[in-house]
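Trainee: Right, I'll just put the structure down here and ask away after.
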Amino acid sequence: MIRSALILSVIFVSIASVCLLPCRGAEQASDKPRGEPSAAREDQPQAPVATPRCDYYRARTPQSALVTGGQAPWTLFRTYRSDLTARIDKVHGPAPEFWIDAAWAAAGMKAGMIPEKHHAKVAGAIVEMWTGQPKGASYGHKGIQSYVTKKHGIAVAGNIMIARTNPPQRSQMAVRRQLMKMICLMHEFQEVLLETADKCKDAVMPGYTHIRHAQPTTLGHYLMSVYDPIDRSVKTLEDGYHLMSLNELGCGALAGTSWDIDRELVAEYLGCEGLLENTNDAVGYTDGYVVVTAGAVNILTVMSRMALELEHWSTMEYDFLDFEIGAGSFMMPNKRSNQGILEETAESSSVALGALVEVVSMGTKLPQGDMNPVAYAMKDGTLRALMRVDRSVEPYLYKFPSMIVKRDVMLATAREGYSCSTELANVLVRDYELDYRTAHDIVNHFVVESAKLGIPSQEADVEIFQAAAQAVVNRKLDMSEQKLRQTLDPVHFVEVTDIRGGVSPKEVARMIADRREKLKAARARHLARIEKLEQARAKLLADLRELCATPAKETSEEARQ
């Protein structure tokens, strides 16, 4: 029902106190590429960023996606673009196959596989295709050979593809290109997630185990519990990048070749990080695809769990959150904020999981070597999983900045139960020389009796507590009602629970600062990858231009004529 005709605009009601400002009157999304600015290197000192990422995206949330606008949040299901992704696309242009074939031809000329007398013609034609993009030229697989054949004949072009394999490197390059762009997206998402967690590090709320009140936490601490597994999964994608950036060219059919080709030079031309050295391994390569797809599945699995809770917490029954991005219902006029983006996350997680099964299955129960499922089909499921990351992560760049957090509702809900009871038991151990099991029994008696009487924790009755102590240890404990209520207060709980990784706002702030530094390093690593590809292309083009100047040596027969 979400994807339907126009919905009547709904006036957005006033909201309780928030930790994120709502985005009223946001600008229409620009067609200009979004994301990390790439004009300055991230591994050099930078001037302070004027606009935080949350504010950047909040100001660019499309009117059509807002509850107060067109109520069409699916307009956010689009391909992520930024200055860095534009560089990635440019470096892979006009086609990855052209890059591969040009690298092989250049290395072939240097190895003597292409006679020296043909170097100027072959290299000149490749440079002409590269810089001029002549009409009718094909930039797909074997496009260079076809162009040189038309221009100079088969005698000149016939050795361009000698000792070449066909699909594997092409598949790897296709995955590598999309993977690089998804790493850019994930870094941007991580930045937004950190900013949101920072703003909400002291927004106290109930913490849940087994879908029941457990201990108080903060929304910031919760979001950091999402950030860390996402970060580990992005590191898996980085590992996957390395595995998808290994050169297999030179492997031949399985045994290699007797031609003296420099495989390391081919790898350098392609910006690869190493070789698939064993030639039979190279033609039967599968594990890199599995690692990349698994990384994508991990990301979407974590996000699907988060999306489920965000959707629950934004319902009337919880009322912890609200979203300025949402949709109405084609049939029910009372609906104003269905959360299709959150539900789409679970869908993408399922699709990616199916893709992982497909990718693993393609390499299962096959000989260890060149087979069609390995050569042609490994990339399909991998790319599908990466596309789902693109589809379901990009909307959160806008979703989080326009999320409205109702701090007072969350805190009041946390105070309804006795979720600080563990700390009360800790106080009994520290201050009254009781063992924890005995302290646990006292607090349990006290909580059960208070619940029977309908007494919330902020109105805890010290007499009920003393009766529980009397029943368990046969004596009352010297505790005032003020101290009892303070110990049971969620705000006090989060302040004192400051162990490393705990919910204390100060500890959450420390974790956020630590993750920001690590994210900065990850961004620098990724920028270095992009620059390495750009430098590889520049070297390849320079070497081809040098080969253009190679004088054509006459054979003895040609000299006699």
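Each reported figure results from applying straightforward, stated rules to the coordinates on display, with no laboratory input. Source: prediction; values computed, not measured. Here Cβ is always computed from backbone atoms with ideal geometry, including for glycine, and neighbour counts include all displayed protein chains.
Trainee: Per residue and in cubic angstrom, what volume does the convex hull of the Cα atoms of region 421-488 have?
Mentor: Once divided by residue count, the hull of region 421-488 is 70 Å³.
Trainee: Beyond 22 Å between alpha-carbons counts as too far, so tell me which of Lys90/Lys181; Lys379/Lys539; Lys379/Lys399 fall in that bin.
Mentor: Lys379/Lys539; Lys379/Lys399
Trainee: While we're here: For region 310-353, run through the GluC sites (Glu not before Pro) and keep only the ones in DSSP coil with at most 14 other Cβ atoms within 10 Å of their Cβ. Don't skip to the end; give the middle numbers.
Mentor: Working: sites: Glu311, Glu317, Glu324, Glu343, Glu344, Glu347; in loops: Glu317, Glu324.
Loop-located and lightly packed - Glu317.
Trainee: Please compute the length gained on full extension between Ala95 and Asp228, using 0.36 nm multiplied by the number of residues separating them and subtracting their Cα-Cα distance.
Mentor: Numbers: separation 133, 0.36 × 133 = 47.88 nm, distance 3.59 nm.
Length difference between fully extended and current span is 44.3 nm.
Trainee: Can you tell me the orientation of helix 287-313 relative to the chain, as the angle in degrees between its alpha-carbon axis and the longest Cα principal axis, to the nearest 10?
Mentor: 30
Trainee: How much length is gained on full extension from Ala467 to Glu347, taking 0.36 nm per residue of separation minus their Cα-Cα distance? Present the calculation step by step, with values, prior to reporting the outcome.
Mentor: Working: separation 120, 0.36 × 120 = 43.20 nm, distance 5.24 nm.
Taking 0.36 nm per residue and subtracting the Cα distance, the gain is 38.0 nm.
Trainee: Report, in degrees rounded to the nearest 10, the 0 to 90 angle that the Cα long axis of helix 378-393 makes with the longest principal axis of the chain.
Mentor: 40
Trainee: Please sort by residue number the chymotrypsin sites (Phe, Trp or Tyr not before Pro) in region 310-346 whose DSSP state is loop and whose Cβ has at most 15 other Cβ atoms within 10 Å.
Mentor: For chymotrypsin sites (Phe, Trp or Tyr not before Pro) across region 310-346 that sit outside H, G, I, E and B with at most 15 neighbouring Cβ atoms in 10 Å, the list reads Phe330.
Trainee: I need the peptides 541-547, 175-181, 463-469 ranked by packing, meaning the mean over residues of other C-beta atoms within 10 angstrom, with the highest value on top. Working shown, then result.
Mentor: Working: 541-547: 16.9, 175-181: 24.1, 463-469: 18.6.
The peptides rank, most packed first, as 175-181, 463-469, 541-547.
Trainee: Here is a follow-up. Modelled label-to-label distance, Leu254 and Ala412, 7 Å Cα→beta-carbon offset: nm?
Mentor: Between Leu254 and Ala412, the label points sit 7.2 nm apart.
Trainee: Next question. Stretched out fully, how many nm does the piece from Met331 to His152 gain, at 0.36 nm a residue minus the Cα gap?
Mentor: 57.7 nm
Trainee: In whole percent, what relative contact order does the chain give with Cα contacts below 8 Å and a gap of six or more residues?
Mentor: 22
Trainee: Of the listed peptides 98-105, 493-500, what is their order by residue-averaged count of other C-beta atoms within 10 Å, with the highest listed first?
Mentor: 98-105, 493-500
Trainee: Something else: What do you get for the angle between helix 407-416 and the principal long axis of the chain? Use alpha-carbon atoms, 0 to 90 degrees, nearest ten.
Mentor: Roughly 50 degrees between the two axes.
Trainee: Let me ask something else. Output the peptides 352-361, 380-389 sorted from most to least packed, where packing is the average of other Cβ atoms within 10 Å over each peptide's residues.
Mentor: 380-389, 352-361
Trainee: Tell me the label only: which of (i) 118, 56, 48; (ii) 96, 61, 44; (iii) 133, 52, 47 is Cα extents along the principal axes in Å as calculated from this structure?
Mentor: From the options (i) 118, 56, 48; (ii) 96, 61, 44; (iii) 133, 52, 47, the structure gives (i).
Trainee: What do you get for Rg/Rh over region 91-164 if you use C-alpha atoms and the Kirkwood form of Rh?
Mentor: Computed over Cα atoms, the ratio is 0.92.
Trainee: A follow-up question, please. Can you count the Lys pairs in region 91-164 with C-alpha separation below 16 Å, eight or more apart or on different chains?
Mentor: 8
Trainee: Under 17 Å from a point 7 Å along the Cα-to-Cβ line of Arg437: which residues of region 451-473 have their amide N that close?
Mentor: Within reach of a label on Arg437, which here means backbone N under 17 Å from a point 7 Å along Cα→Cβ, region 451-473 contributes 472-473.
Trainee: What is the spin-label model distance, in nm, from His213 to Glu449 if the labels are put 7 Å beyond Cα along the C-beta direction?
Mentor: 1.9
Trainee: State the answer as a single residue: which of Gln486, Leu194, Tyr241 lies farthest towards the positive end of the charge dipole of the chain, with beta carbon charges of +1 for Lys and Arg and -1 for Asp and Glu, about the Cα centre.
Mentor: Going by the charge dipole, the pick is Tyr241.
Trainee: Using a simple charge model, +1 on the beta-carbon of Lys and Arg, -1 on the beta-carbon of Asp and Glu, nothing else, what dipole does the chain show about its Cα centre, in debye to the nearest 20?
Mentor: Computed about the Cα centre, the dipole is about 1680 debye.
Trainee: Could you work out the pair-distance distribution P(r) of region 199-244 from its alpha-carbon pairs, with 10 angstrom bin width and percents rounded to whole numbers?
Mentor: Taking all Cα pairs of region 199-244, the binned fractions are 26, 33, 22, 16, 3 percent.
Trainee: At what distance in nm do the modelled label points of Ser64 and Leu366 sit from each other, each positioned 7 Å from its Cα along Cα→Cβ?
Mentor: 4.1
Trainee: Enumerate the amide H contacts of Ile325 below 5 Å, restricted to partners 5 or more residues apart or on another chain; note that Pro and chain-start residues carry no placed amide H.
Mentor: Val67
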